[in-house]
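Just below is one structure, and these are the notes that go with it.
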Amino acid sequence: MRTLVIETATAACSVALIEDGALIARDHVVVGRGHAERLVPMIAGLPGHGRADAILVDCGPGSFTGVRVGLAAARGLGIGWGVPVHGYSSLASIAAAALAEQPDEAIVVVLDGGHGEVFQQGFDGALIADGPAVSCKPGDAVAALRGRRVVGQGLARLRMIDPALPESDRLPDAADAILLSAEQSSLPPAPLYGRAPDAVPSVRT
């Protein structure tokens with residue numbers, strides 16, 4: 001089975017085709033903004049214009065706009081092609097790639113969460129999360145590391161608190177979805193925001 005992977009949840013914009021556990025093709029760029037303009041041409045540039053039997057999309061946490069761009073594209077293609085759409089977490093993807101390079105060691109992933117905070121989640125050496133993703137202040141994030149290895153683009157904020165932290169900045173890459181378990185790559189295609197909405201509707205009495 002061939003799967004199209006879409007990654008737009010952060011400053012990275014990437015796509016990949018995976019077939020029967022093997023990476024067929026990929027494209028990855030760091031765009032910051034402008035995912036909507038870049039994504040469709042990147043998909044079209046894949047073999048067969050990206051046509052696949054299933055679609056896998058990063059649901060976050062990450063950029064609100066980026067997450068929505070990826071989900072909209074995945075859902076639209078899923079309807080057009082008549083194929084299932086599933087989701088995965090940006091944090092699990094980064095953890096999987098880091099553990100593939102240096103296995104069997106507890107790891108913490110941090111991504112820029114906006115509003116001066118970071119998204120953070122820990123994983124053991126088997127890529128099992130030790131709890132849900134949280135959004136927290138950099139100081140709290142540093143305190144929660146407890147000596148564990150840390151990776152992710154959010155490290156830039158953490159180094160402002162602890163300059164000794166490593167430069168292991170990493171963004172998610174669609175091609176790394178191949179490293180996720182079946183459970184981690186079968187989430188509902190819905191946003192994982194990592195924190196409550198900024199605006200709460202008022203209740204009239």
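Structure notes:
- Choice from VAL85, VAL29, VAL108 with maximal GNM fluctuation in the chain (Cα, 10 Å cutoff): VAL29
- Residue order for ASP140, ASP173 - accessible surface, 1.4 angstrom probe, largest first: ASP140, ASP173
- Gyration tensor analysis over the Cα atoms of the stretch 60-109 returns equivalent ellipsoid semi-axes of 28, 14, 6 Å (largest first, whole Å).
- ARG2 - accessible surface, heavy atoms, 1.4 Å probe, Å² rounded to 10: 60 Å²
- For the stretch 7-24, putting each phi into the Karplus relation 6.51 cos²θ - 1.76 cosθ + 1.60 with θ = phi - 60° gives couplings of 10, 9, 6, 10, 5, 7, 10, 8, 9, 7, 10, 10, 9, 6, x, 10, 7, 8 Hz, in residue order, rounded to whole numbers and with x for Gly and Pro.
- Rounded to the nearest Hz, the phi-derived 3J(HN,Hα) couplings of the stretch 146-159 under the Karplus curve 6.51 cos²θ - 1.76 cosθ + 1.60 (θ = phi - 60°) are 6, x, 6, 4, 10, 9, x, 5, x, 4, 4, 6, 5, 5, where x marks glycine and proline.
- Take the Cβ atoms of ARG146 and ARG68, set R0 to 41 Å, and the FRET efficiency comes out at 0.75.
- The amide H of GLY154, built 1.01 Å from its N in the peptide plane, has VAL110, LEU111, ASP112, ARG170 as neighbours under 5 Å, considering only residues 5 or more places off or on other chains.
- Per-residue 3J(HN,Hα) values for the stretch 79-87, derived from phi via the Karplus relation 6.51 cos²θ - 1.76 cosθ + 1.60 with θ = phi - 60°, read 5, x, 8, x, 10, x, 10, 10, x Hz in sequence order (x marks Gly and Pro).
- Relative to the current alpha-carbon distance between ASP169 and LYS137, full extension at 0.36 nm per residue lengthens the span by 9.8 nm.
- The alpha-carbon atoms of the chain, seen along their principal axes, cover 55, 47, 29 angstrom, with the largest extent given first.
- Available extension along the chain between ASP130 and ALA22 is 36.0 nm, counting 0.36 nm per residue and deducting the alpha carbon span.
- Potential lengthening between GLU37 and ASP104 on full extension [0.36 nm per residue; Cα-Cα distance subtracted]: 20.2 nm
- For ILE24, the amide hydrogen comes within under 5 Å of the amide hydrogens of LEU17, ILE18, GLU19, counting only partners 5 or more places away or on other chains and with H modelled in the peptide plane.
The values are calculated or read from the model by the stated rules, or taken from the named source; none is laboratory data. What you see is a predicted model, and the numbers here were worked out from it, not measured in a lab. All Cβ positions, glycine included, derive from the backbone under ideal geometry; neighbour counts span all protein chains shown. Ligands, DNA and RNA are stripped out before the accessible areas are found, and what is left, the full protein with its side chains, is counted by its heavy atoms. Shrake-Rupley method; radii C 1.70, N 1.55, O 1.52, S 1.80 Å.
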